[in-house]
Amino acid sequence: MKIIKYEIKQGETLESIASQFKVNVDELISFHNQHASITQQIYTHEKPFHINEIYIDALNTINDETIVEDLQNFTFDRNLLYRTEMTVGTVLEGIMVDNSTCKSQYRVGLAKNNSIASVLLEENHVTSSPQLMQAGMELIAEIDKIKCNSIFNLDVVTGKISKVVNYKEILKNWNNYKRSLENRKTVLKLSKNQDDIDQFIKIVEEILKPEEKLIEDYYNKMFYELFFTEHLQGNKDFVKTYSKTYYSTFFDKEPVILHFTPTILEDNDEILKVRRVSAMDYPSLNMQNIVKLYDERIKPMVQFSFSEYNFSYRETFIWNKKENLLQDSHVTVIEEVKNNIQLLIDFKLKRFE
C-alpha cells in the first residue's frame with residue numbers, strides 16, 4: 001500500500017477532506033490513525049489544532065486526471081495476469097473461407113473491495129487468413145491498445161464498469177494516433193482513398209464517444225464480459241437462469257435473445273466448475289428481416305435458399321472459490337444459417353498469476 005501525506009490547507013475540515021477523496025470521515029480518520037504516531041492521532045470529527053498533515057491512501061487520489069502511467073504510484077490489493085486466445089472463422093457450405101486469431105495478455109489490478117480496477121493490455125498478437133485481412137486486424141489491435149489500457153470504477157453489486165476514470169487520457173491518445181493515421185502503412189494497404197480513412201475514423205469515434213459507448217464496447221470483448229460480473233463482488237449464485245441479448249454478425253446486428261441454463265460440473269473446497277448453455281428465443285426474432293438480408297447478401301454466394309437460423313453460446317468456466325476470481329473459461333459461439341454459412345467463435349481465458 002502506498003501512502004501520501006496530505007497537507008491540510010487553511011479552512012479545510014475533516015469533512016471537506018473526506019469529501020475530496022470520496023471517503024467518509026470515519027474511514028479518513030481510521031486510515032490516518034493506522035499510520036500516524038501517537039501524538040498525531042485523531043479521535044473526533046474535529047481536526048486537532050496541532051495536526052497539519054493527514055495520511056491518505058494513494059488510491060483515493062485517483063481522479064479523471066489520472067493516467068495509466070500513474071499506476072506505478074498505487075498499490076492494488078490484487079495484481080493478476082490473464083491470457084486469452086480467440087479464433088473467429090467463417091464457414092461456407094462446410095468449407096472454412098477465412099479465420100483470424102487474437103492472443104492477448106491482460107494485467108489486472110483490483111483494489112478497494114473491488115470497486116477500483118485497472119486493466120492493461122500488455123500484449124496483443126493477431127494472425128489472419130487470407131493474408132489480405134492481416135493489415136486490418138493489426139489496425140484493430142492498435143486501437144485496442146488505446147482503448148484497453150484503462151482505470152475503472154466498478155459497481156459494488158454488479159461488478160460492471162461504471163466509469164472509465166482515465167477517459168480523458170484515452171481520448172487524448174486516440175487523437176494523437178488519429179493525426180498520424182493517414183501515413184500508416186497498414187492503412188495504405190487497406191485504403192486507396194481518403195474516404196476509407198475518414199470512414200474508419202468515424203467508426204472508431206462512434207465507439208469512443210461518449211464514455212457510455214466505450215463502456216458498451218468493452219463488453220463486446222469477451223474478457224470484460226466474463227471477468228467483470230456480480231460474482232467478482234461476492235455473489236455466489238452460480239446456478240440461476242438468466243437471459244441476455246446478443247447481436248447478429250451476419251444480419252445488421254439483429255438482436256438475438258438467449259436464455260441460459262447453468263449446470264454445476266464440479267464443486268469442492270477450491271474450485272467451482274460450471275457450464276452455461278444457451279437456448280435461443282425464436283419468437284422474438286425478426287425472421288422476415290433475417291431472411292431478406294440473407295437473400296440479399298448470402299444467397300448470391302452460396303446459391304441455396306434460406307434454411308434455418310441458429311445462434312448458440314456455450315461457456316464452461318472454473319471459479320477459484322478461495323480467491324473469489326475467475327480462473328479459467330472456454331466459450332464457443334456459433335451463428336449459422338444451417339448448411340449454408342456459419343460464424344464460429346472459440347474463446348479461451350486462463351489466469352497465470
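Residues in region 303-322 that are acidic (Asp, Glu) and either loosely packed, with under 13 Cβ neighbours inside 10 Å or within 16 Å of Met287 (Cα to Cα) (or both): Glu308 alone.
Take the conditions (1) touching a residue at least 60 places away in the same chain (Cβ under 8 Å); (2) in contact with a Pro (Cβ under 8 Å, 6 or more places away or on another chain); Thr229 misses just one of them, which is (2). Taken over region 15-61, the criterion of being assigned to a loop (DSSP other than H, G, I, E, B), out of contact with any strand residue (DSSP E or B) (no Cβ under 9 Å at 6 or more places or on another chain) and not small (Gly, Ala, Ser) is satisfied by Lys22, Asn24, Gln41, Tyr43, Thr44, His45, Glu46, Pro48, Phe49, His50, Ile51. Can you say whether Gln72 is of a type in the set (S, T, N, Q), in the same structural domain as Lys168 (by the TED database) and either part of a loop (DSSP other than H, G, I, E, B) or surrounded by fewer than 14 Cβ atoms within 10 Å (Cβ to Cβ) (or both), as far as the supplied structure shows? Yes; evaluated as a whole, the condition is true for this residue.
In region 207-233, the residue that is nearest to Tyr313 (Cα to Cα) out of those that are outside any helix (DSSP H, G or I) and of a type in the set (Lys, Arg) is Lys221. Taking region 130-157 as the range and being among the β-branched types (Val, Ile, Thr), under 25 Å from Leu110 (Cα atoms) and without any contact (Cβ under 8 Å) to a residue 40 or more places away in the chain as the test, only Ile146 passes.
Across region 290-311, which residue is nearest to Ile345 (Cα to Cα) among those that are without any contact (Cβ under 8 Å) to a residue 40 or more places away in the chain and part of a strand (DSSP E or B)? Checked region 290-311; the qualifying residue nearest to Ile345 (Cα to Cα) is Asn310. Scanning region 235-271 for residues that are among the small types (Gly, Ala, Ser) and either buried (at least 17 other Cβ atoms within 10 Å of the Cβ) or modelled with pLDDT under 95 (or both) gives a single hit, Ser248.
Scanning region 310-353 for residues that are among the hydroxyl-bearing types (Ser, Thr, Tyr) and either farther than 17 Å from Thr84 by Cα or touching a helix residue (DSSP H, G or I) at 6+ places or on another chain (Cβ under 8 Å) (or both) turns up Ser312, Tyr313, Ser329. Among the residues of region 64-94, those that are of a type in the set (Val, Ile, Thr) and modelled with pLDDT of 95 or more comprise Thr84, Thr87, Val88, Thr90, Val91. For Ile203, state whether it is hydrophobic (A, V, I, L, M, F, W, C), surrounded by fewer than 12 Cβ atoms within 10 Å (Cβ to Cβ) and at pLDDT 85 or above. So Ile203 fits the description; yes.
The values are calculated or read from the model by the stated rules, or taken from the named source; none is laboratory data. This one's a predicted model, so the numbers in the text were calculated from it and none came from an experiment. As a convention, Cβ positions derive from the backbone with ideal geometry for all residues, glycine included, and neighbour counts pool all protein chains shown.
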